[in-house]
Every structure is written in C-alpha cells, then in structure tokens.
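Please read the structure below before turning to the comments.
The values are calculated or read from the model by the stated rules, or taken from the named source; none is laboratory data. Just so it is clear, the structure is predicted and the values come from calculations on it, not from any experiment. Neighbour counts are summed over all protein chains in view; Cβ atoms, including those assigned to glycine, are modelled from backbone coordinates with ideal geometry. With ligands, DNA and RNA removed, areas are computed over all heavy atoms of the protein, side chains included. Shrake-Rupley method; radii C 1.70, N 1.55, O 1.52, S 1.80 Å.
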Amino acid sequence: MFSTALADDARLFPLEPRHAEEFLIHMDRGREYIGQHIVLPDVVTDLESARSFLSAYAQKAAADGGRIYGIRVDGTLVGGVLFRTFDAQSGTCEVGCWLEPAAAGRGLVTKACRVLIDWAFHERGMHRVEWYASAANKKSLAVAERLGMTREGVLRQNHPHRGVRQDTELWSVLAPEWPPTA
C-alpha cells in the first residue's frame with residue numbers, strides 16, 4: 001500500500017474495506033459537520049454500512065472507476081478525497097472531499113485534491129476534472145477556486161439534502177489548464 005505526505009503530520013492513503021471501523025469512528029466524530037452539505041454521514045451509519053460503502057469503492061477501483069482515499073493526521077483518519085466518478089474512456093472524472101472540523105483550515109483537502117488531479121491528468125490522460133458542491137458550502141467552493149477550477153454554472157435546486165432542495169455549483173479544470181509535473 002502507498003501513502004503520500006500532505007504535511008509533516010498528514011498523509012493521504014487508499015481507503016479500503018478493511019478500514020471500515022476506523023472510517024465509522026471518523027464519521028461519528030464529524031457526522032454533523034460533514035453532513036451539513038454532503039450525504040456521506042447519512043449513508044455511513046454503522047459498521048455494515050461503512051464496510052459496504054468502502055467495498056463499493058473497491059469495486060469501482062477494480063473496474064477502473066471511482067476511487068477513495070483517506071487523510072490521516074498524526075495517524076488518525078480525519079477526512080478524505082475521492083474520484084466519485086472516473087470515466088477513462090470519456091476522459092472525465094469528478095473529485096470530491098470531506099473533512100472533520102478539527103482538521104479544517106490547514107489546506108489538506110486542497111493538497112490531497114492536487115495529488116488526485118495530477119494523477120488523473122499526468123498518469124491517466126484524463127481531459128476534464130469536475131467539482132460539484134452545494135452553493136452554500138463556501139469552504140468547498142474555495143477549494144475549487146484554489147485548485148484553479150473555473151465555475152461553469154449553478155444547477156438550481158437540483159439536489160435534495162436532508163429535506164431541503166439545494167443549488168449545486170459546477171466547477172472544472174481541463175488538462176491544458178493544469179500545471180505540468182515538476
């Protein structure tokens with residue numbers, strides 16, 4: 001298994017079904033904060049659902065589809081990033097993220113997403129990386145902007161979240177716009 005440094009005390013690593021218990025504990029710590037804008041804490045509610053969620057991503061990865069990665073700080077899982085979708089044939093994928101409040105504000109999600117986007121463009125030859133976020137999720141929108149993505153538009157009231165229809169912003173970056181690897 002590989003792990004990539006994001007900071008002196010932070011690492012990015014592939015989340016696998018064997019991490020289900022750690023994933024559930026992490027989700028329980030950050031459930032309310034994470035769930036403000038995304039459905040993940042509503043899906044991962046017990047050990048079985050945590051294992052099922054991670055297994056679904058293991059199957060996606062085996063089929064060259066989505067992938068999921070955790071972020072650990074001082075050895076504790078505090079968040080993650082993922083390719084929610086990954087279509088190598090069309091050259092388009094979607095990157096997403098989540099983070100516990102204790103780890104927010106350190107740039108870890110931005111750094112982790114840069115690792116994923118670098119890999120998508122430079123290793124896999126993808127052409128377009130997309131980012132969807134609730135228009136109310138200012139922190140997520142700021143990450144998209146820091147990554148150099150372009151805001152393409154707003155999908156008005158397209159997604160019900162916890163009983164409220166929300167607007168979703170679509171951002172993207174294209175391979176020719178992404179910096180070359182060093």
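Brief remarks on what is shown
- Computed over protein heavy atoms with a 1.4 angstrom probe, the accessible surface ordering of TYR33, TYR69, largest first, is TYR33, TYR69.
- Cα gyration tensor, the stretch 45-119 - rounded (a/c under 1.5), prolate or oblate: oblate
- FRET efficiency for LEU47 and ALA102, using Cβ-Cβ distance with R0 set to 22 Å, rounded to 0.05: 0.45
- Inverse of mean 1/r across different Cα pairs in the chain, Kirkwood, Å: 16.6 Å
- Given charges at beta-carbon only (K, R positive; D, E negative), |dipole| of the chain in Debye: 280 debye
- Order of exposure, largest accessible area first, which applies to GLU152, GLU48 with probe 1.4 Å: GLU48, GLU152
- A helix-only calculation puts the chain at -9000 deg cm²/dmol for mean residue ellipticity at 222 nm, using -39500 (n - 2.57) for each DSSP H run of at least four residues, averaged over all residues.
- Under Karplus coefficients 6.51, -1.76 and 1.60, residue-wise ³J(HN,Hα) of the stretch 74-81 in Hz, glycine/proline x: 6, x, 9, 5, 10, x, x, 9
- Gain in span if fully extended, THR4 to ASP64, counting 0.36 nm per residue against the direct Cα distance: 19.5 nm
- Alpha-carbon centroids, the stretch 23-47 and the stretch 137-182: separation in whole Å: 21 Å
- Per atom type, the chain shows carbon and sulfur on 51% of its accessible surface, probed at 1.4 Å.
- Among HIS127, HIS37, the sequence by solvent-accessible area, most first, with a 1.4 Å probe is HIS127, HIS37.
- Across the stretch 111-116, computed HN-Hα scalar couplings (Karplus, 6.51 cos²θ - 1.76 cosθ + 1.60, θ = phi - 60°) run 4, 5, 5, 4, 4, 5 Hz from first to last residue, x flagging Gly and Pro.
- Between HIS122 and GLU152, the FRET efficiency from the beta-carbon distance, with R0 = 22 Å, is close to 0.45.
- Normalised by the number of residues in the stretch 1-100, the average gap of Cα pairs under 8 Å and 6 or more apart makes the relative contact order 26 percent.
- Note on LEU174/PHE13: beta-carbon distance plugged into 1/(1 + (r/R0)^6) with R0 of 30 Å gives a FRET efficiency of 0.60.
- Note that the chain presents 50 Å² accessible area per residue, ligands and nucleic acids not counted, probe 1.4 Å.
- Accessible surface for TRP119 stands near 80 Å², nearest 10, in the context of the full protein assembly shown (1.4 Å probe).
- Using a cutoff of 8 angstrom between alpha carbon atoms and counting only pairs six or more residues apart, the relative contact order for the chain works out to 17 percent.
- Couplings 3J(HN,Hα) of the stretch 124-131, computed from phi: 9, x, 5, 9, 9, 10, 9, 9 Hz, in residue order, whole Hz [Karplus 6.51 cos²θ - 1.76 cosθ + 1.60, θ = phi - 60°; x for Gly and Pro].
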